[in-house]
Amino acid sequence: MIIAGVALLAACTLIGVYLGDLLGIALGVKANVGGVGIAMILLIAARVWLMRHGRLSKNVKFGVEFWGGMYIPIVVAMAAQQNVVAAVSGGPIVIIAAFGSLAICFAAVALLSRIGGRDPGGPEVEHGGALIGGEPEAARADAAAIPAGRTR
Amino acid sequence: MSGLWHGLEHVFVEQSLVAAFAVVGALILVSNVAARRLTNGRVHGSAIAIVLGLVLAYFGGVLTGGKKGLADIPALAGIGLMGGAMLRDFAIVATAFEVDVIEARRAGLVGVLALALGTLLPFLVGTLTAVAFGYHDAVSITTIGAGAITYIVGPVTGAALGADSTVMALSIATGVTKAVGVMVGTPLVAKLIGLDNPRSAMAYGGLMGTVSGVAGGLAATDPKLVPYGALTATFHTGIGCLVGPSVLFLTVRAIVG
């Protein structure tokens with residue numbers, strides 16, 4: 001059932017966001033604390049559980065992966081509704097604060113990514129990339145290269 | 001002729017989400033062709049699509065005077081639903097299905113370190129900028145500094161501290177500018193900062209924070225990195241909202257008096 005996959009994704013999202021809200025209240029913050037991150041962890045756990053019990057059918061997978069493949073179009077729609085006018089007409093204080101922190105954070109990424117080895121990631125990572133990039137055909141080719149015994 | 005046009009607009013308004021799928025699909029198609037033909041595949045099609053989206057958002061904002069870019073045009077209101085927080089988060093969660101658990105766990109510590117730095121560094125830059133531009137009170141300085149964390153942390157902190165509305169506007173504008181800068185800048189600097197593997201993507205997500213910026217920046221750079229960056233980035237705003245009006249404000253107040 002394809003809807004089972006979509007419903008699994010929806011349930012993980014709802015539970016994650018709810019827990020994020022609760023965490024926010026517990027910490028006295030007027031915001032959701034990591035709701036989406038919690039939802040992602042729940043979905044990862046659900047995938048591992050389903051695989052161990054042999055219940056991860058093609059259709060369940062498709063129900064989730066379809067939405068992963070819709071990620072880039074959704075992000076493009078997100079870009080198209082940003083308040084770009086406000087960003088462009090912000091004035092010097094906005095420009096300096098925004099681009100200053102941007103530069104310093106990019107530099108910190110460079111620093112942190114040097115810590116430890118540089119692991120480009122195996123075929124599993126490539127497989128995920130092809131799916132999120134909306135190219136399931138390429139993903140199938142990558143999946144064939146994943147060694148047996150890995151979590152997938 | 002105007003009757004035909006009117007009818008078309010009516011369909012777009014009535015079928016807003018479906019219309020958004022068609023419009024965004026066309027935008028991505030054009031961008032992919034442009035990436036292949038004009039840049040010989042050197043630039044990701046999705047990078048062009050995101051920049052194109054931002055440019056259109058600018059014209060939408062100029063045209064309507066609204067705050068939601070293209071989505072303020074009634075016939076394109078579906079873009080607001082399609083790219084809104086609900087479906088954005090839904091799609092981000094879906095990408096977690098492709099996470100390599102071993103990779104993610106290995107980079108866990110880097111992610112935590114990145115989250116701490118990603119909150120402190122922009123706050124520092126923001127507060128110093130505020131001071132340089134003549135702000136002396138702890139509330140204004142903290143609010144502008146918080147805006148440099150993300151455009152949600154800024155107003156949440158400002159509201160909690162009772163900041164002035166012009167300061168709030170500055171704070172939000174700083175966060176929005178940062179988000180747009182992350183979307184456009186990431187594919188340009190990706191090679192330079194070593195953003196090509198799950199581990200650095202998790203560091204990047206925690207440091208850049210702003211979910212929309214990270215979502216756009218990684219989509220434009222390499223889709224395989226998306227879930228790893230998103231995993232850390234989604235904790236960023238919550239942490240910022242937690243420490244902004246509390247620890248960070250108290251520190252600023254202790255310094256400026």
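The values are calculated or read from the model by the stated rules, or taken from the named source; none is laboratory data. All of these numbers come straight from a predicted model, not from anything done at the bench. In this analysis, Cβ positions are derived from the backbone assuming ideal geometry, glycine residues included, and neighbour counts consider all displayed protein chains. Protein only, heavy atoms only, side chains kept; ligands, DNA and RNA dropped before computing areas. Shrake-Rupley method; radii C 1.70, N 1.55, O 1.52, S 1.80 Å.
The gain in end-to-end length when the B:H136 to B:L81 segment is fully stretched comes to 15.7 nm, 0.36 nm per residue minus the alpha carbon separation.
Computed on segment B:82-154, with alpha-carbon pairs under 8 angstrom and 6+ residues apart, the relative contact order is 23 percent. Here the translational diffusion coefficient of segment B:1-49 follows from Stokes-Einstein with Rh set to the Kirkwood radius across Cα pairs; for 37 °C and 0.692 mPa s it amounts to 267 µm²/s. The smallest convex shape that holds all Cα atoms of the protein assembly as shown, its convex hull, gives 147 Å³ per residue.
The mean sequence distance of close C-alpha pairs (under 8 Å, at least 6 residues apart), as a share of the length of chain B, puts its relative contact order at 19 percent. Along its first, second and third principal axes, ordered by size, segment B:2-83 spans 42, 26, 23 Å in Cα coordinates.
Pairwise Cα distances in segment A:13-107 exceed 22 Å in 59 percent of cases.
Which whole number of Å³ per residue matches the convex hull of the alpha-carbon atoms in segment A:1-69?
Cα-based convex hull of segment A:1-69, divided per residue, equals 74 Å³.
Largest mean-square fluctuation among B:S140, B:S31, B:S16, in a Gaussian network model of chain B whose springs join Cα atoms under 10 Å apart, belongs to B:S16.
Note on B:H6 and B:A159: their simple-model spin labels are 4.1 nm apart, each label 7 Å out from Cα toward Cβ.
In segment B:50-87, whose amide N lies under 18 Å from the spot 7 Å out along Cα-to-Cβ of B:N32? List them in ranges. Inside the label zone: B:50-53. With 19 Å as the limit on Cα-Cα distance, the pairs of A:K30/B:K67; B:K67/B:K178; A:K30/B:K68 that go past it are A:K30/B:K67; A:K30/B:K68. Taking the C-alpha atoms only, the angle from helix B:165-189 to the longest principal axis of chain B is near 60 degrees.
Over segment B:99-256, the fraction of Cα-Cα pairs per 10 Å bin, rounded to whole percents and listed from the shortest bin up, is 13, 41, 29, 15, 2. I'd like the orientation of helix B:108-132 relative to chain B: the angle between its Cα long axis and the longest Cα principal axis, in ° from 0 to 90, rounded to 10. Roughly 80 degrees, rounded to the nearest 10. The apolar share of the surface of chain B, taken as the fraction of accessible area on carbon and sulfur atoms (1.4 Å probe, ligands and nucleic acids excluded), comes to 71 percent. Highest GNM mean-square fluctuation, chain A, Cα pairs closer than 10 Å: which of A:L111, A:L19, A:L50? Fluctuation is largest for A:L111. Ranked from largest to smallest solvent-accessible area, with a 1.4 Å probe on the protein heavy atoms, B:K68, B:K191, B:K178 come out as B:K191, B:K68, B:K178. Computed with a 1.4 Å probe over protein heavy atoms only, the accessible surface of the protein assembly as shown comes to 43 Å² per residue.
How far is helix B:16-38 tilted off the main Cα axis of chain B, in degrees rounded to 10, range 0 to 90? Between helix and principal axis, roughly 90 degrees.
The residues packed around A:I15, meaning those with a beta-carbon under 14 Å from its beta-carbon, carry a net charge of -2 if Lys and Arg are +1 and Asp and Glu are -1. Structural descriptor for segment B:169-240: relative contact order 36 percent, calculated from alpha carbon pairs under 8 angstrom and at least 6 residues apart. Note on segment B:99-256: with charges restricted to the Cβ of Lys and Arg (+1) and Asp and Glu (-1), its dipole about the Cα centre is near 220 debye. Comparing B:H236, B:H44, B:H136 in a Gaussian network model of chain B, where Cα atoms under 10 Å apart are tied by springs, the biggest mean-square fluctuation is seen for B:H136. Buried accessible surface for the B/A chain pair comes to about 8000 Å², total over both chains, computed with a 1.4 Å probe.
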